[in-house]
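The values are calculated or read from the model by the stated rules, or taken from the named source; none is laboratory data. Keep in mind it's a predicted model, so treat the numbers as computed, not measured. A quick note on method: Cβ atoms are made from the backbone with ideal geometry, for glycine too, and the neighbour counts reach across all protein chains shown. Ligands, DNA and RNA are excluded from the accessible area calculation, which covers all protein heavy atoms including side chains. Shrake-Rupley method; radii C 1.70, N 1.55, O 1.52, S 1.80 Å.
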Amino acid sequence: MRQTELSREWKMMQKIAAVFCAAILLAALCAACKAKELPDTYVEGSDYQYMQMEDGLRFTLTRAQGGKGMYFLHGDYIYFLDKETNIILPLCNKADCLHDQETDSEKYVYCNACMLPSNGFPTGELGISYCNGVLYCLDRGFGSQSAILYRISEDGSNREEIYKWENCQVNEWLIHRNVLYYTKRIYENTDGKVKESYQICALSLTDSAKKENVVFTADADLEVVTLGKPTAYGHHLYFQIVAYIPAEEEITDDNFLEYLYYKTFEYNIVSGQISELLLPDMLSSEYVSGVVFWDDKLLFDSFDFAADDTASSDWYIAKLDGSNPEIFMTDIPKYSMFTSDGEYLYLTNAHTVSRGKEDEDDLLYEVYDQDLEKIDTFKPTTLLIFNGVLPLGTDAMYLQYDSGDENDPSWGVMRWDKQIGTYHGEPIDKDIVDIPR
């Protein structure tokens, strides 16, 4: 009798375990299905806005395109630009608030647009991103303060802290399809020694219980210089690591290529697979330095550290996972760069100029259509000094500016209403709209 009862209990436990495992499998499949529901292309309103990023010396997220207008960061405040009225207003719905005109420091945080923490500390480096009707702001934390992620309603009426990091530093990040991807630098104290480690993590923004998942961990033996430069498109996240492998000798300008570890990876957000982006017959001194999105494909080249500044390279086009690379264009000057706004492809020597390899007067953008016909060339606006590759936006481009006078806090936004095909090598000044705050 006892044996029969034990047998029944065992069978019941097996059934419960089977149901539990099935539930876990179903949850995993549902998560994958949610990602698969969206196509492997750019989805406006849901995907990372790669065309709003400026390709300069620093990774910055200071603008985001919302459903009803543009959002901008300036100082410690978030602003909204209504495209129809051309008016910039703090993102706050309080009628009795002085917003950025408040002079009492104790009342600053009363404004919904003000991102200063309530503990009286300054903000760290701020960034904003828009996804599926929600604006997010990440404060990387000032000094040793914790990084905090906020969720903000489109009209600024509601703001809540949804995640806070401890004992780590959050660096470059982006939001793509309701998931925050970010670089995390972790400090661990072991036997009185502080050890650093680097990870790429993912945090679902739709789960009620927020839990980060590790996507990638840099090898512990590497001396990491940077892990980041994230970008995303469709079912894919891309990031880059620059590091040095262990060396018994001092690393110098003469021998650094022997120890340089420079790689660009693709992470499939549906399958969870990670692969390195490679090109045919790459030399040991060549590295894939970044990616550009064009016509649901990937454009990239290899940067050769051993080649002189007058060298040229071939650009390749491949599937979004980096497979099947084919020659796209040949003999592109070493520091020239492709970029895209989704409709047109641009080739510019902006990096060459910023490095002092060409004169500023020679700065130029070439514009190609879907058939790769060159249909226009233009120079940036002469009304604003800008270093780096322009954040081209979509049908319009937005650039913030300051007065340039430390005694004058005024600022504003310049909007370029694109009229591709009408510039013929001239500056785009005729289609610039100045929107002062």
Item to complete: For region 303-437, with all protein chains present and a 1.4 Å probe, just round the carbon and sulfur fraction of the accessible area to a whole percent.
Response: 44 percent
Item to complete: Just add up the charged neighbours of residue 87: K/R +1, D/E -1, any other residue whose Cβ is under 15 Å from the Cβ of residue 87.
Response: -1
Worksheet item: For Rg and Dmax of the Cα atoms in Å, the listed values are [x] 24.6, 95; [y] 34.4, 149; [z] 26.6, 87; which was obtained by calculation from the structure presented?
Response: [x]
Worksheet entry | Among 200-206, 430-436, the order from most to least packed when residues are scored by Cβ within 10 Å on average | 200-206, 430-436
Fill in: Cα-based reach from residue 193 at 24 Å (exclusive), listing lysines while leaving out same-chain residues under 8 positions away
184
Worksheet item: For residue 215, what is the net charge nearby, where nearby means another residue's Cβ is under 12 Å from its Cβ and Lys, Arg count +1, Asp, Glu -1?
Response: -1
Worksheet item: If you roll a 1.4 Å probe over the heavy atoms of the protein chains, what accessible area per residue do you get for the chain, in Å²?
Response: 53 Å²
Worksheet item: Separation of region 80-141 and region 213-265 by C-alpha centroid, Å?
Response: 35 Å
Practice prompt. Would you mind working out the magnitude of the charge dipole of the chain relative to its Cα centre, with +1 at each Lys and Arg C-beta and -1 at each Asp and Glu C-beta, to the nearest 20 Debye?
Written response: 2680 debye
Discussion item. Please list, by residue number, everything in region 343-387 whose backbone N is under 16 Å from a paramagnetic label point 7 Å out along Cα→Cβ of residue 395.
Written reply: 343-344
Worksheet item: Given 229/379; 229/374; 319/418; 68/430; 357/430, which pairs have Cα atoms separated by over 32 Å?
Response: none
Discussion item. How large a share of the accessible area of region 136-208, in percent, is made up of carbon and sulfur atoms when the probe is 1.4 Å and the other protein chains stay in place?
Written reply: 38 percent
Worksheet item: How would you order 349-360, 92-103 from highest to lowest mean count of nearby Cβ atoms within 10 Å?
Response: 349-360, 92-103
Worksheet entry | Calculated [θ] (222 nm, deg cm²/dmol) that DSSP helices of n ≥ 4 give over the chain, each run adding -39,500 (n - 2.57) | -3000 deg cm²/dmol
Worksheet item: If packing is taken as the mean number of other Cβ atoms within 10 Å per residue, what is the order of 211-220, 73-82, highest first?
Response: 73-82, 211-220
